[in-house]
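Below is one structure, written out as structure tokens; comments come after it.
The values are calculated or read from the model by the stated rules, or taken from the named source; none is laboratory data. Because the structure is a prediction, the values reported are computed rather than measured. Cβ placement follows ideal geometry from the backbone for every residue including glycine, while neighbour counts extend to all protein chains displayed.
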Amino acid sequence: MLKFKPQFRRLQFIHREVQKGRYPNCRTLAQEWETSPKTIQRDIEYLKSEQRAPIEYDPIQHGYYYTDKTYDLPAIRISEGDLFALAIAEKALAQYRNTPIYDRLLTIFAKIQESLPEKISVHPSWVDAKFSVMPQPATRINPAVWETVARGLRLERVLKIEHHSPWSKTPTVREVEPQHMMSYQGDWYLIGLDRSSEESRIFALSRIHAAEVLEEESPCPADFDANAYMRSHFGIWAGEKMHNVKIWFSADVAPFIKERDWHPSQRIRENKDGSIVLSLRVTHLFEVQQWVLSRGGEAKVLAPKELREEVKLELKKTEAGYK
């Protein structure tokens, strides 16, 4: 018998024994479950009062039976806190609206609600009025591509994809050994070994126009760790060279910078005037550049020099556009 015995497991056990028409009693149930008859008695009272189980004791058979043989124990026991979490999670699905899994997730949530006991109902109106989730603008993904890539990842087989880079006028056909899929800021990405370059690369699913699962197997390396792979990234972009980045932030925006974890490598030095210097070690500078530019004059790149020059060049382009 399992050492860990939560109540819902005991309730399921009692329900099965009664449902089979064996007329179990507290003593026989307690012996089989290795607990006390008093515990079983409390469980039966719970079934009557909370689960509306039509359970009665037959003095002739010396055991319990169901007066309604069609009764079935609800599959899910759920508390008020669980209902609240469920309602919030359902609203959070909005961030997956442009992906093929959105409708499936909605179906799963509907099944959960349908499986609740009749006396427990979900009234999300108060949640709708007081809570909302603002999803990131999401790219559109071809449902057929999603299903094919997910199948290749699940079966651990080589994928043949037609990928269109934003910097190329024509798509390229590649064979990729899939390793991981991740969501980032409203977009979904495939991490896989690109056989043409023999390097792990990241492909946006929205830029894959067609995909095919090949017969060749490609087991994911046992030592591949997606979290470790992404640890040195700032965002989704990756590079081969490690950059030591230092960014100055004014005292006005310093509180907003300090309250978040921007990167696993981050270090913050506070200055006497309230400004701060954020230090990072990353493998690509593009998203760091975009982040700094979004802060306007409240942020200034101190290092590396190439990032300073890139930011200065972008600022000149922006200024020229307003002349």
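Just a few scattered comments:
- Every residue from the stretch 10-41 that is hydroxyl-bearing (Ser, Thr, Tyr) and either at pLDDT 90 or above or loosely packed, with under 15 Cβ neighbours inside 10 Å (or both): Tyr23, Thr28, Ser36, Thr39
- Number of the exception - Ala238 against (1) assigned to a helix (DSSP H, G or I); (2) surrounded by 15 or more Cβ atoms within 10 Å (Cβ to Cβ): (1)
- Whichever residue in the stretch 214-244 is among the hydrophobic types (A, V, I, L, M, F, W, C) and free of Cβ contacts under 8 Å to residues at least 24 places away in the same chain and, among such residues, is farthest from Val158 (Cα to Cα): Ala228
- Out of Leu315, Leu285, one residue alone is at pLDDT below 95, surrounded by 11 or more Cβ atoms within 10 Å (Cβ to Cβ) and more than 30 Å from Met182 (Cβ to Cβ). It is Leu315.
- Residue match in the stretch 50-72 (condition: modelled with pLDDT under 85 and closer than 18 Å to Glu17 by Cβ): yes
- Any pair with Cβ under 7 angstrom, 6 or more apart, that starts in the stretch 159-188 at a residue that is polar (S, T, N, Q) and ends at one that is loosely packed, with under 15 Cβ neighbours inside 10 Å and at pLDDT below 90: Gln179/Phe224; Gln185/Gln136
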